[in-house]
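Below you'll find the structure, written out as structure tokens, and then a few comments.
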Amino acid sequence: MIPSYYECGSCRERFEFGFREAYYSLGSGSVEGSLLDVDLLCAPVRPGWCKDCSGVCLVEDIAPLRTFEAAYGAVRQGRSVEYPVATECYEPDTASELVAMYLRWRMSRKHAARALCCGGPNYIFMDDAQPLIKHAECDFGFIEPMVWFSSYCGAGPGVISPANLRLYTSEGELAGLLTWHRREEGRWDVAPAHYPDPASDN
Ligand SMILES: [Zn+2]
Ligand SMILES: [Zn+2]
């Protein structure tokens, strides 16, 4: 799970996530302009620290292919899984379809996991027991997770204001922002977006 934010245990400096969700575009077409809901897949992520950006960020959580195959086998037998997506709330058929989408994505994915702030490889996961990350400016401070639980009730993202959810290619390249959700049409408006610097590929 993604903590609300991180905080230095000594000086209390706070480290916020720039964004808390990431989506893949699985459609074959371009994402310019708009994208169908059915072509979106929520990226499996873990909290990380990007050494290039000096901050907390989402990092792609890409398990080996056999983990995806095992999850698909489990949901096909009516069991629920936690990864690559928590299927507890879904009907068995929907869960199978969803995990099949993840399996297809994993089979085609070539690029190593990226920090989704800048697309780079210089990250460490923050949800491992070790290592704790020392606050560079502090003698004694370590950066610790702070978790708040909140419930959200409302129209859903992208209805009363642009959601600006980050949209990536299946290889983890930033491709756009999901702005307005046209629910009756089952699609999102997409604004262009790219990583600040071209992340070195391959
Ligand atoms: Zn500190
Ligand atoms: Zn970064």
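The condition (being within 16 Å of ligand 1 (Cβ to nearest atom) and buried (at least 16 other Cβ atoms within 10 Å of the Cβ)) is satisfied by just one residue among V56, V99: V56. Pairing residues of the stretch 71-88 that are within 17 Å of D61 (Cα to Cα) with residues that are among the basic types (K, R), at Cβ distances under 8 Å and at least 6 apart in sequence or on separate chains, gives P84/R106. Whenever a residue of the stretch 9-33 is touching a residue at least 12 places away in the same chain (Cβ under 8 Å) and closer than 30 Å to D139 by Cα, its partners that are among the acidic types (D, E) and assigned to a loop (DSSP other than H, G, I, E, B), lying with C-beta atoms within less than 9 angstrom and at least six residues away or across chains, give the pairs S10/D139; C11/E137; E13/E137. Applying the criterion of being more than 16 Å from ligand 1 (Cβ to nearest atom), of a type outside the set (S, T, N, Q) and assigned to a strand (DSSP E or B) to the residues of the stretch 1-27, the residue that is surrounded by the fewest Cβ atoms within 10 Å (Cβ to Cβ) is Y23. Within the option set P84, P92, P64, being within 26 Å of F125 (Cα to Cα) and surrounded by fewer than 15 Cβ atoms within 10 Å (Cβ to Cβ) holds for one residue only, P64.
A quick yes/no check of all residues on (1) more than 22 Å from I2 (Cβ to Cβ); (2) modelled with pLDDT of 95 or more; (3) out of contact with any strand residue (DSSP E or B) (no Cβ under 9 Å at 6 or more places or on another chain):
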position: R106; (1), (2), (3): no, yes, yes
position: A115; (1), (2), (3): no, yes, no
position: G119; (1), (2), (3): no, yes, no
position: N122; (1), (2), (3): no, yes, no
position: H135; (1), (2), (3): no, no, no
position: H181; (1), (2), (3): no, no, no
position: N202; (1), (2), (3): yes, no, yes
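Hey, any hits in the stretch 69-86 for a residue that's β-branched (V, I, T), within 30 Å of A193 (Cβ to Cβ) and modelled with pLDDT of 95 or more? Looking for residues that are β-branched (V, I, T), within 30 Å of A193 (Cβ to Cβ) and modelled with pLDDT of 95 or more, one finds none in the stretch 69-86, hence no.
Of everything in the stretch 43-81 that is within 19 Å of the chain's Cα centre (by Cα) and of a type in the set (S, T, Y), the residue that is farthest from ligand 2 (Cβ to nearest atom) is T67. Number of residues in the stretch 183-194 that are exposed (fewer than 15 other Cβ atoms within 10 Å of the Cβ) and in contact (Cβ under 8 Å) with a residue 60 or more places away in the chain equals 2. Restricting to the stretch 113-144, and then to whatever is β-branched (V, I, T) and surrounded by fewer than 19 Cβ atoms within 10 Å (Cβ to Cβ), can you tell me which residue is nearest to ligand 1 (Cβ to nearest atom)? Looking at the filtered set, the residue picked out is I133.
The values are calculated or read from the model by the stated rules, or taken from the named source; none is laboratory data. None of these values were measured; they are calculated from a predicted model. In this analysis, Cβ positions are derived from the backbone assuming ideal geometry, glycine residues included, and neighbour counts consider all displayed protein chains.
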